[in-house]
Amino acid sequence: MIREKETTLYLGPQHPGITGNMMVKLKVQGDTVVKATTHVGYLHRAFEKLIEQRNWLNAFTLLCRFCVPEPDPMELTYARAVEELDNREVPERAQYIRVIVMELARLQSFMLWYAGQAGSAGLYTLGQWSVGDRNYILDLFEELTGGRIYHMYIWPGGVRRDVTDTWKDKVLKTMDYLEKRQDDYNQLMFDNTIFQKRAKGVGIVPKDKAIEWGVVGPPLRGVGIKSDVRIDEPYEVYDKLDFEVPTAEGGDIWARALVRKEEFRQSISIIRQAIEKMPKGDYYNKVPNPMKWVVPEGQAWAKTESVRGEIGFYVVSNGTNKPYRVHAKGAAYTHGVTVLEKILPGQNIADISFIMNSLGVCPPEIER
Amino acid sequence: MINDKDSQKIVDYIQNFARKQSLFVMAYGTGCGAIEIPATMTSRYDAERFGIRGAATPRQADVLLITGYLATKTLKRVIRVYEQMQEPKYVIGFGSCTINGGMYFDSYNTINALEQYIPVDVYINGCMPRPESVISGFVKLQELIQQGKADNGKKYRENLEWYRTNQKKIIKNWKMPDYNW
Amino acid sequence: MSFIDLKGILQPLGALKQLGKKPHTIQFPAESIEASDNYRGLHFNDLDDCIGCGNCSTICPNEAIDMIDLLNIKEKKGDSSLRPRIDNGRCCWCALCVDVCPTGSLSLTKDYIFVTEDPNDFLWTPGIDNKDAADKISYTSDVSTSISMYDRVPMRELEGKERVKSFAEVVLGYSEEEARAEAQRCISCGLCVEVCPENMHIPEYINAIAQAKDKDALRIIYDNNPLPEMCGKVCTRLCEDVCAMQVRGDAVAIRWLKRYATETAPTVELIKEIVDPQIEEPNGFSVGIVGAGPAGLTAAYYLALKGYDVTIYEAQAHAGGMIMYGIPKYRFPLESIDKQIQYMESIGVKIKYNTKVGKDISFKEIYNNNDAVFVGIGLQIPWNIGIKNEDSPGVIPAIDYLTIINSDGKFDVGKKVAVIGGGNVAIDGARVAARYGADVTILYRRRVEDMPADWEEIEGAEHEGVKIVPQAIPTKIIRNKEGKVKGVEYVMAKMVAQDGGRPRPVAIEGSETIYECDTVIGAIGQQADFDWLPENYKEKVIIERGKIQVNNLRQTGDNKIFAGGDAVKFGNSDAISAIADGFNAVKGIDKLLLNK
Amino acid sequence: MTELIKEQHLLDSLTSAFKIKGRVIRDRRVEVFADKKMVSGILLFAKKQLGFIHLAHMTCIDWIDENKFELIYTIWSPIEKIHLFVKTKIERENPEMENIDSIWDQANTYEREIREMFGIQFPGLIGEQDFALEDWDEMPPMRKDFDTKKYALETYYQRPGREDAKDVRETISERSGTKVPDFAKKYSREK
């Protein structure tokens, strides 16, 4: 074996193949990574600082921009933290609507993941399908909230607009369609030798280190640990719905893909149940005039399961009409830095964006 | 060879026609607006019909899409990318935040007006712009190219001093190679 | 896994089955998907519905909305004449501006394509730059979806049946919690300030209440109104008519909030402590004031603060003028007046009671002994109803009736009472009579909605069992054998529209009806009494149609004489206008004497 | 409300072991307030003995009025399903805090961010000085006394054309010829 010279390689910031810009500084020998260091900050917008300048309500417009592929969990988590501080009840109907929105967001994010995961393995057809079909979910969002990507729909106290029966029917129809389409996706992805060979045994997260490193969400379930905020600390009406939290063994990209594949099914099932069980009633517990709305002093921590894992908001109020401090911690915060730096050594350069896609690294969520 | 005006016009026409039909977009998603690019490129909106497709490196790209806010850290890289691109090159500013700061107008880390740092041919409004908007922006750019009005690179070259001053105002540690052609 | 995985190679070829399917690609530009009915596209503003409150500009998280003056909109009350202009280079289409718009004029449309070369184009005025977008409106807010708070916190009141038993105050006042909730509804636009004759700092004191700074609220109120307790209870509150919330919901209860703020200082000492009046050094000038009504008291208060030596000459035994004698005690209790007067006296205002100018003291004396004179005499002489047999016993002008009752006098109205008129005085008369157990009916020429009285007063009267007969024109008083009142004859009227005015009642022939009653209370207005003013002053102080002519600073034809209140032809005939007169006269006196 | 036995038990075991104050906030939420020197001990104890193996997040709050920084460590026990907040306040002048990335590797990222955003030093922290920012020479931006709007206005180009904007309240005041007294201005509408 020829000892090759160690080279420094910069992957990014110009499009490392994931949803956002970041840079991984690599020390490589041949095409094997020896050391990886993550550099972030290319998308730093100072969200947490800006929220302190807004009032409690209009801060929520910023939140969905935390992580672009899946904006809704941010809104929900913030809303829940503020509701806890303000002792504000959320009507049951709103809770069901929130669950539906969350799961639709999860689905559209999974479809982006299908495209990204397959795309980074060179399977471009799948991207054309799943991202094209993702528009049907975005159409549903558009009809409900008025926005395609940024919904700004879930806010403290409930949701902004009520759902209609025709919308519910459309959701159900779309679910039927997606359920069928997922088989097509899976045929292209999981039945494909190229994908199998690239995914199995690559990017392994060791089971004993996973929690230590801060792995959450599908990557954690991919090592066989059943952990999901929706069952660990049920929020909204998740405890009234029947769903499975899938796990897989191995901790590699394949295991994570299997988890996501099954979660896609579960999400569809959750949406169907929620639509069926949704009660009539209010959808919004009106907050006072937003300019004068004062949230009682206190600190609250709320967390939600997003497609990448748990998202937590730490919200501090000092009893004024503006948040004193809002700290958001997304799953990518650990996945994109600690975990990535730990598992990249020994991997192929060509697999890096494959691994990052599978971990759900989302740079805007890291630096905010 | 060709020195009378009329034949120059014909050559220009053909040249512009060819240019507008194949716009290779630098794949550099600088902000959240990049999330609508996959949708624009895939089956429902299928931007490849217009000759719009991605290019992996600046040397091969014609269009630089600034899809949203630019953090100062990114601005430095974007300038570098822009300067590496070959002429003719075009820049599209995408979303409110490239126009006047958008929702990050009071952020200490994002610039407000893109055309202060690199010349911009077309601005697309929206936060974020829908795929239809994006396509309209490209169509507008194509019109400009056909009319011969899009001369982004020339504008930059001629006003380099002014752009440099603005850029250096923001980027404190200017360690970049000089712009040469 | 074998080296050649045949299944894994062949399986993906299943994708070929999609070949025959119709693509879902949109044919641009021939085909386009219309945005959803709820889409948040570019703004549209209905310029006529917009009142320029600027709430959109305040909520905007991105400071994208400017309020600018559009020349084509004329100034009108309850409209700032400003309209929003959106900087689309800032907008994030969160639609919060739509959701807080109190009038619902602002909306978003289905248009979203906005592509241009010039970045300066993105500054645009919805409704002007996209006039034709009115039929593309998509995202709107109505009363249920808007986050503006349209429902007023109801005021607790005594039960109608309880009320008529005594003269206890009907309105119970807001509790702290209720006041905070009500104050939070205010969007602080300030449109109300302009219509208030006294231009009180309404958004500021309401905001102080919302922030639980009641003492600051009181201080702000006292800045230009020394009789807030009175205003908090009986003000005609023109402000609430133009409240931005009133367009689609209930106006903010500005008057009740003022009342709440005054309740934080139940004693004179507390008022003094909270308001902390800064009395300037005596400046050597003295001012005489005729009449201790709201106008006179206001002038006296601010003059005293500025270091003038102020003396009020009051004909009655009690200060307060019409608010003391003209307003029933269930609306404005005696303690409240006393407190306000005592506070005035504590900062150096001197009041000489039972001193009628022209009788106990001559006007000439006041005029000569002072550097300036303020006249705030009000209206005391009631107008005649102008019908036959009006002079019969049992016919009494409302203002006389109220004065008798308020001075602890007795007047027996009998069992059935007819009140003629539709103003606040008429309602007061009716409700007082009801408290003496009478069966009261109000006869009014026009419709109920035309009544100049407060709707709350009208409602209150109805709850107390007062009947209102609208469109009834009294024609004569029927006497009994002794010549006393036996009833009123009236005809029904129909409303006839007329050009450039409100509909006029026209009698319907043959509809004469007789209402039998023991007393008729006439309440169709009063006039001022100028007998006390010597002729040589009357020449200079121009009196036209029974009212004194004044300029903006309430200065009359005689430089030294200022005037205010109901007897002056300026603004409305209500207490807050009188206060404004007093307040502005102080500026005039300052200008005259100190040249400030 | 269910009885918070688990939570109370946890709190008792912590307070008895360390002589610290704390409280049960609600179900699944327990907080303890510790001196800055004790924090790493508590975290280690909670991780090894009580099963709080997951560091859910770590953040800093700038209490400028108190002249203190508050550091909050949120840890989670997947078995008990409880969040434990370990909170400590440190001086705002020359702030320094113990580095805990030997307990949790991922703490490194949080600490680097806090170092950059608040200027708190963590002795022994590995990793580049810059995290999200680059060539930043102002005060750490997340500190409360850093005015981001002022900085942005001064540093970045402000597109002209909006100077004719008017304030509704001022327009009304002007039209009616009155002035809002100075002491009342703080209650005027924010802009």
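A short reminder: the numbers here are calculations on the coordinates, not readings from a lab. These numbers come from a predicted model, not from an experiment. Don't worry about glycine lacking a Cβ; one is built from the backbone with ideal geometry, like all the others, and counts go over all protein chains shown.
Side notes on the structure shown:
- Whichever residue in region D:174-189 is part of a loop (DSSP other than H, G, I, E, B) and more than 7 Å from every other protein chain (Cβ to nearest Cβ) and, among such residues, is farthest from C:E194 (Cα to Cα): D:K179
- Scanning region B:106-119 for residues that are touching a strand residue (DSSP E or B) at 6+ places or on another chain (Cβ under 9 Å) and surrounded by 24 or more Cβ atoms within 10 Å (Cβ to Cβ) gives B:S107, B:N109, B:T110, B:I111, B:L114, B:I118.
- Scanning region C:217-245 for residues that are touching a residue at least 60 places away in the same chain (Cβ under 8 Å) and of a type in the set (V, I, T) returns C:V234, C:T236, C:V242.
- Every residue from region D:159-173 that is within 7 Å of chain C (Cβ to nearest Cβ), under 37 Å from the mean Cα position of the chain (by Cα) and of a type outside the set (D, E, K, R): D:A165, D:V168
- Number of positions in region C:204-213 that are under 28 Å from C:L303 (Cβ atoms) and either part of a loop (DSSP other than H, G, I, E, B) or not aliphatic (A, V, I, L, M) (or both): 2
- Qualifying residue in region B:68-86 (condition: in a loop (DSSP other than H, G, I, E, B), of a type in the set (A, V, I, L, M, F, W, C) and farther than 30 Å from D:F131 by Cα): no
- Taken as a whole, the structure places D:I79 among residues that are part of a loop (DSSP other than H, G, I, E, B), of a type in the set (A, V, I, L, M, F, W, C) and more than 14 Å from the chain's Cα centre (by Cα).
- Search result, residues across region D:69-113 that are of a type in the set (A, V, I, L, M), over 24 Å from A:K226 (Cβ atoms) and within 11 Å of chain A (Cβ to nearest Cβ): D:I72, D:I103, D:A107
- Candidates are the residues of region D:141-151 that are in a loop (DSSP other than H, G, I, E, B) and surrounded by fewer than 19 Cβ atoms within 10 Å (Cβ to Cβ); the one that is farthest from the other protein chains (Cβ to nearest Cβ) is D:D145.
- Selection from region D:143-161 of residues that are more than 17 Å from D:N94 (Cβ to Cβ) and in contact with a strand residue (DSSP E or B) (Cβ under 9 Å, 6 or more places away or on another chain): D:K144, D:A152, D:Y156, D:R159, D:G161
- C:Y490 meets each of the listed conditions (1) in contact with a Leu (Cβ under 8 Å, 6 or more places away or on another chain); (2) surrounded by fewer than 21 Cβ atoms within 10 Å (Cβ to Cβ); (3) more than 25 Å from C:P226 (Cβ to Cβ) apart from (2).
- For region C:268-296, a residue qualifies if it is free of Cβ contacts under 8 Å to residues at least 40 places away in the same chain and either closer than 28 Å to C:N595 by Cβ or of a type in the set (S, T, N, Q) (or both), and the qualifying residues are C:Q278, C:E280, C:E281, C:P282, C:G284.
- Among the residues of region A:315-327, none qualifies, meaning not one is closer than 26 Å to D:I82 by Cα, hydrophobic (A, V, I, L, M, F, W, C), within 9 Å of chain D (Cβ to nearest Cβ) and within 22 Å of the chain's Cα centre (by Cα).
- Residue-level check: of (1) of a type in the set (D, E, K, R); (2) within 23 Å of D:E31 (Cβ to Cβ); (3) more than 9 Å from chain A (Cβ to nearest Cβ); (4) assigned to a helix (DSSP H, G or I), D:E154 misses just (2).
- Some residue of region A:141-154 being under 21 Å from the mean Cα position of the chain (by Cα), away from chain B (no Cβ under 14 Å), crowded, with 22+ Cβ neighbours inside 10 Å and in a strand (DSSP E or B): yes
- The condition (being surrounded by 18 or more Cβ atoms within 10 Å (Cβ to Cβ) and touching a Lys or Arg at 6+ places or on another chain (Cβ under 9 Å)) is satisfied by just one residue among C:G429, C:G437, C:G422: C:G422.
Quick grid of which residues meet (1) under 30 Å from C:L19 (Cβ atoms); (2) within 14 Å of chain B (Cβ to nearest Cβ); (3) of a type in the set (F, W, Y):
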| position | (1), (2), (3) |
| --- | --- |
| A:I51 | no, yes, no |
| A:V68 | no, yes, no |
| A:P71 | no, yes, no |
| A:A94 | no, no, no |
| A:L112 | yes, yes, no |
| A:T125 | yes, yes, no |
| A:R134 | yes, yes, no |
| A:D139 | yes, yes, no |
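- Residues of region D:64-84 satisfying the condition of being hydrophobic (A, V, I, L, M, F, W, C) and surrounded by 17 or more Cβ atoms within 10 Å (Cβ to Cβ): D:F69, D:L71, D:I72, D:I75, D:W76, D:I82, D:L84
Listed here are the residues, each with its yes/no results for (1) in contact (Cβ under 8 Å) with a residue 40 or more places away in the chain; (2) farther than 17 Å from A:V337 by Cα; (3) not in a loop (DSSP other than H, G, I, E, B).
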position	(1), (2), (3)
D:L84	yes, yes, yes
D:T88	yes, yes, yes
D:N99	no, yes, no
D:S102	no, no, no
D:I114	yes, no, yes
D:P123	no, yes, no
D:I126	no, no, no
D:F131	no, no, no
D:M139	no, yes, no
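- Qualifying residue in region A:21-32 (condition: outside any strand (DSSP E or B), among the acidic types (D, E) and surrounded by fewer than 24 Cβ atoms within 10 Å (Cβ to Cβ)): yes
- Output for region A:192-235, where each listed residue is within 14 Å of chain C (Cβ to nearest Cβ), in contact (Cβ under 8 Å) with a residue 24 or more places away in the chain and either of a type in the set (S, T, Y) or at negative phi (or both): A:N192, A:I194, A:F195, A:Q196, A:R198, A:A199, A:K200
- Residue match in region C:118-131 (condition: within 14 Å of chain B (Cβ to nearest Cβ), in contact (Cβ under 8 Å) with a residue 60 or more places away in the chain and buried (at least 22 other Cβ atoms within 10 Å of the Cβ)): yes
- Counting only residues that are farther than 13 Å from B:P119 by Cβ, away from chain D (no Cβ under 14 Å) and not in a helix (DSSP H, G or I), region B:155-178 holds 2 of them.
- Residue identified as over 20 Å from A:Y42 (Cβ atoms) and within 7 Å of another protein chain (Cβ to nearest Cβ) among B:Y45, B:Y28: B:Y45
- Meets criteria (closer than 22 Å to C:I385 by Cα, out of contact with any helix residue (DSSP H, G or I) (no Cβ under 9 Å at 6 or more places or on another chain) and either surrounded by fewer than 15 Cβ atoms within 10 Å (Cβ to Cβ) or not hydrophobic (A, V, I, L, M, F, W, C) (or both)) for C:R445: yes
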